[in-house]
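The values are calculated or read from the model by the stated rules, or taken from the named source; none is laboratory data. Note that this is a predicted model, so its numbers are computed, not measured. Because the Cβ atoms are built from the backbone with ideal geometry, glycine has one as well, and the counts that use them run over all protein chains shown. Ligands, DNA and RNA are stripped out before the accessible areas are found, and what is left, the full protein with its side chains, is counted by its heavy atoms. Shrake-Rupley method; radii C 1.70, N 1.55, O 1.52, S 1.80 Å.
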Amino acid sequence: MNPYIIFTDTACDVPAELLAEWGVGVESLSFRFKDSEKEYFNGDIDPHAFYDEMRAGQVAQTAAANQAGFRRAFEEAVQQGNDVLYIGFSSGLSTTFNSGRLACEDLSEEYPARKLIAVDTLAASAGEGLLVYLAVQRKKEGATIEEVAAYIESIKLNLCHLFTVDDLVYLKRGGRVSPAVAL
(Lines give C-alpha, C1' and ligand atoms only; values in the text may rest on other atoms or scores of the structure.)
Protein backbone atom coordinates (compact mmCIF):
# COMPACT_ATOMS: atom_id res chain seq x y z
CA MET A 1 0.00 0.00 0.00
CA ASN A 2 1.36 3.37 -1.03
CA PRO A 3 1.08 6.32 1.33
CA TYR A 4 -1.62 8.77 0.32
CA ILE A 5 -2.78 12.26 1.06
CA ILE A 6 -6.40 13.31 1.31
CA PHE A 7 -7.17 16.62 -0.39
CA THR A 8 -10.28 18.79 -0.31
CA ASP A 9 -11.25 22.36 -1.13
CA THR A 10 -12.29 25.31 0.98
CA ALA A 11 -15.99 24.73 0.22
CA CYS A 12 -15.85 22.14 3.04
CA ASP A 13 -15.79 24.99 5.59
CA VAL A 14 -13.38 23.15 7.88
CA PRO A 15 -10.89 25.60 9.43
CA ALA A 16 -7.44 25.53 7.81
CA GLU A 17 -5.81 24.75 11.15
CA LEU A 18 -7.95 21.65 11.58
CA LEU A 19 -7.29 20.44 8.02
CA ALA A 20 -3.56 20.88 8.66
CA GLU A 21 -3.86 18.92 11.92
CA TRP A 22 -5.58 16.12 9.99
CA GLY A 23 -2.90 16.19 7.29
CA VAL A 24 -5.41 17.15 4.60
CA GLY A 25 -4.31 19.23 1.62
CA VAL A 26 -6.66 22.00 0.55
CA GLU A 27 -7.23 24.03 -2.60
CA SER A 28 -8.89 27.41 -2.17
CA LEU A 29 -11.91 28.75 -3.99
CA SER A 30 -11.90 32.51 -4.43
CA PHE A 31 -14.25 35.47 -4.69
CA ARG A 32 -14.22 39.12 -5.50
CA PHE A 33 -16.66 41.88 -4.79
CA LYS A 34 -18.41 43.01 -7.95
CA ASP A 35 -16.91 46.51 -7.91
CA SER A 36 -13.40 45.42 -6.87
CA GLU A 37 -10.33 44.19 -8.71
CA LYS A 38 -9.03 42.33 -5.65
CA GLU A 39 -9.43 38.57 -5.58
CA TYR A 40 -9.84 37.05 -2.12
CA PHE A 41 -8.96 33.53 -1.06
CA ASN A 42 -9.94 31.72 2.11
CA GLY A 43 -8.55 33.56 5.11
CA ASP A 44 -7.87 36.79 3.20
CA ILE A 45 -10.79 38.59 4.81
CA ASP A 46 -12.36 38.27 8.23
CA PRO A 47 -15.90 36.80 8.00
CA HIS A 48 -17.31 39.77 9.93
CA ALA A 49 -15.74 42.19 7.43
CA PHE A 50 -17.09 40.08 4.56
CA TYR A 51 -20.64 40.23 5.85
CA ASP A 52 -20.30 43.94 6.65
CA GLU A 53 -19.51 44.44 2.95
CA MET A 54 -22.52 42.32 1.97
CA ARG A 55 -24.84 44.28 4.30
CA ALA A 56 -23.52 47.47 2.71
CA GLY A 57 -24.76 46.22 -0.68
CA GLN A 58 -21.68 44.56 -2.12
CA VAL A 59 -22.16 41.46 -4.29
CA ALA A 60 -19.62 38.68 -3.86
CA GLN A 61 -18.87 36.79 -7.05
CA THR A 62 -17.38 33.37 -6.40
CA ALA A 63 -14.92 31.49 -8.59
CA ALA A 64 -14.23 27.79 -8.65
CA ALA A 65 -10.79 26.45 -7.86
CA ASN A 66 -9.00 25.85 -11.13
CA GLN A 67 -7.35 22.80 -12.61
CA ALA A 68 -3.87 24.34 -12.58
CA GLY A 69 -4.01 24.89 -8.81
CA PHE A 70 -5.12 21.31 -8.19
CA ARG A 71 -2.47 20.01 -10.56
CA ARG A 72 0.33 21.84 -8.72
CA ALA A 73 -0.83 20.57 -5.33
CA PHE A 74 -1.44 16.99 -6.48
CA GLU A 75 1.80 16.80 -8.46
CA GLU A 76 3.82 17.91 -5.45
CA ALA A 77 2.27 15.06 -3.43
CA VAL A 78 2.83 12.54 -6.23
CA GLN A 79 6.46 13.57 -6.68
CA GLN A 80 6.98 12.92 -2.95
CA GLY A 81 5.78 9.33 -3.47
CA ASN A 82 2.17 9.76 -2.34
CA ASP A 83 -1.11 8.78 -3.93
CA VAL A 84 -3.93 11.35 -3.88
CA LEU A 85 -7.56 11.12 -2.77
CA TYR A 86 -9.49 14.30 -3.60
CA ILE A 87 -12.83 14.65 -1.80
CA GLY A 88 -14.51 17.62 -3.41
CA PHE A 89 -17.28 20.19 -3.51
CA SER A 90 -20.52 19.08 -5.20
CA SER A 91 -20.35 19.04 -8.99
CA GLY A 92 -23.97 20.21 -8.92
CA LEU A 93 -22.96 23.53 -7.34
CA SER A 94 -19.57 24.32 -8.85
CA THR A 95 -17.02 23.32 -11.46
CA THR A 96 -14.45 22.94 -8.67
CA PHE A 97 -14.84 19.16 -8.46
CA ASN A 98 -14.41 18.79 -12.21
CA SER A 99 -11.18 20.81 -12.06
CA GLY A 100 -9.82 18.45 -9.39
CA ARG A 101 -10.99 15.38 -11.28
CA LEU A 102 -9.32 16.52 -14.51
CA ALA A 103 -6.09 17.23 -12.64
CA CYS A 104 -6.22 13.67 -11.27
CA GLU A 105 -6.79 12.25 -14.75
CA ASP A 106 -3.94 14.27 -16.30
CA LEU A 107 -1.47 13.29 -13.59
CA SER A 108 -2.54 9.62 -13.72
CA GLU A 109 -1.31 9.54 -17.31
CA GLU A 110 2.03 11.11 -16.37
CA TYR A 111 2.52 9.06 -13.19
CA PRO A 112 0.99 5.63 -13.92
CA ALA A 113 2.50 4.12 -10.75
CA ARG A 114 0.51 6.55 -8.60
CA LYS A 115 -3.19 6.41 -7.77
CA LEU A 116 -5.16 9.63 -8.05
CA ILE A 117 -8.83 9.30 -7.14
CA ALA A 118 -11.48 12.02 -7.11
CA VAL A 119 -14.76 11.64 -5.19
CA ASP A 120 -17.65 14.02 -5.78
CA THR A 121 -19.30 14.46 -2.38
CA LEU A 122 -22.47 15.94 -3.89
CA ALA A 123 -22.29 18.14 -0.78
CA ALA A 124 -20.97 21.47 0.41
CA SER A 125 -20.05 23.16 3.66
CA ALA A 126 -20.51 20.96 6.73
CA GLY A 127 -21.73 18.03 4.62
CA GLU A 128 -18.53 17.99 2.61
CA GLY A 129 -16.51 18.64 5.76
CA LEU A 130 -18.14 15.67 7.50
CA LEU A 131 -17.19 13.37 4.62
CA VAL A 132 -13.60 14.64 4.76
CA TYR A 133 -13.54 14.02 8.52
CA LEU A 134 -14.88 10.47 8.07
CA ALA A 135 -12.28 9.81 5.36
CA VAL A 136 -9.52 10.97 7.71
CA GLN A 137 -10.84 8.65 10.44
CA ARG A 138 -10.85 5.68 8.06
CA LYS A 139 -7.33 6.50 6.95
CA LYS A 140 -6.19 6.62 10.61
CA GLU A 141 -7.73 3.15 11.05
CA GLY A 142 -5.44 1.88 8.29
CA ALA A 143 -7.80 1.84 5.32
CA THR A 144 -6.27 1.95 1.85
CA ILE A 145 -6.97 4.79 -0.55
CA GLU A 146 -9.40 2.56 -2.47
CA GLU A 147 -11.20 1.55 0.73
CA VAL A 148 -11.61 5.16 1.84
CA ALA A 149 -12.84 6.25 -1.60
CA ALA A 150 -15.34 3.36 -1.71
CA TYR A 151 -16.52 4.17 1.82
CA ILE A 152 -17.17 7.83 0.98
CA GLU A 153 -18.96 6.82 -2.24
CA SER A 154 -21.12 4.37 -0.28
CA ILE A 155 -22.29 6.86 2.36
CA LYS A 156 -22.50 10.18 0.51
CA LEU A 157 -26.11 9.66 -0.60
CA ASN A 158 -27.15 8.85 2.97
CA LEU A 159 -25.86 12.13 4.34
CA CYS A 160 -28.47 14.67 5.35
CA HIS A 161 -27.27 18.17 6.04
CA LEU A 162 -29.27 21.33 6.48
CA PHE A 163 -28.34 25.00 6.45
CA THR A 164 -30.05 28.29 7.03
CA VAL A 165 -29.42 31.82 5.91
CA ASP A 166 -30.39 35.05 7.62
CA ASP A 167 -31.67 36.65 4.46
CA LEU A 168 -32.28 35.33 0.93
CA VAL A 169 -31.13 38.65 -0.53
CA TYR A 170 -27.50 37.39 -0.57
CA LEU A 171 -28.47 34.28 -2.50
CA LYS A 172 -30.52 36.42 -4.88
CA ARG A 173 -27.65 38.87 -5.43
CA GLY A 174 -25.29 36.00 -6.12
CA GLY A 175 -27.66 34.42 -8.62
CA ARG A 176 -28.27 31.28 -6.52
CA VAL A 177 -32.02 31.90 -6.22
CA SER A 178 -34.45 33.81 -8.43
CA PRO A 179 -35.99 37.09 -7.32
CA ALA A 180 -39.36 35.32 -6.99
CA VAL A 181 -37.89 32.69 -4.65
CA ALA A 182 -36.12 35.38 -2.62
CA LEU A 183 -39.39 37.29 -2.24
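Working out 0.36 nm times the residue gap between D167 and I155, then minus their Cα-Cα distance, what length gain in nm do you get to one decimal?
Numbers: separation 12, 0.36 × 12 = 4.32 nm, distance 3.13 nm.
Full-extension gain reported as 1.2 nm.
So what's the gap between the Cα centers of segment 1-39 and segment 111-183, to the nearest angstrom?
Value for the Cα centre distance between the two parts: 13 Å.
Mind listing which chymotrypsin sites (Phe, Trp or Tyr not before Pro) in segment 116-165 are in a DSSP loop and have 10 or fewer other Cβ atoms within 10 Å?
Those that pass, being in a loop and sparsely packed, are F163.
What number of lysine-lysine pairs in the chain show an alpha-carbon separation below 19 angstrom, given a sequence spacing of 8 or more or placement on distinct chains?
Counting lysine pairs in the chain gives 4.
Express the accessible area of segment 17-60 per residue in Å², computed with a 1.4 Å probe while the remaining protein chains stay in the model.
Values: 2910 Å² over 44 residues.
On a per-residue basis, segment 17-60 sits at 66 Å².
GNM, the chain, Cα, under 10 Å: largest mean-square fluctuation among L29, L134, L162?
The residue that fluctuates most here is L162.
Ignoring ligands, DNA and RNA, what percent of the 1.4 Å accessible area of segment 72-183 is carbon and sulfur?
Accessible surface attributable to carbon and sulfur in segment 72-183 totals 54 percent.
How far apart, in nm, are two points set 7 Å out from the Cα along the Cα-to-Cβ line at E105 and at H48?
It is 4.5 nm.
Would you mind getting me the FRET efficiency between E21 and L183? Use the beta-carbon distance for r and R0 = 30 Å, nearest 0.05. Mind dumping the intermediate values first?
Details: r = 43 Å, r/R0 = 1.44.
Working from the Cβ atoms, E equals 0.10.
Is any residue of segment 9-45 close enough, with backbone N under 18 Å, to a label point placed 7 angstrom from the Cα of E76 along the Cα-Cβ axis, and if so, which?
Once the point is set 7 Å along Cα→Cβ of E76, 9-11, 16-30, 41-44 turn out to lie under 18 Å by backbone N, inside segment 9-45.
Identify the GluC sites (Glu not before Pro) of segment 1-90 meeting these criteria: DSSP loop state and at most 16 other C-beta atoms within 10 Å of the C-beta. Mind showing how you got there, number by number?
On the way: sites: E17, E21, E27, E37, E39, E53, E75, E76; in loops: E37, E39.
For GluC sites (Glu not before Pro) across segment 1-90 that sit outside H, G, I, E and B with at most 16 neighbouring Cβ atoms in 10 Å, the list reads E37, E39.
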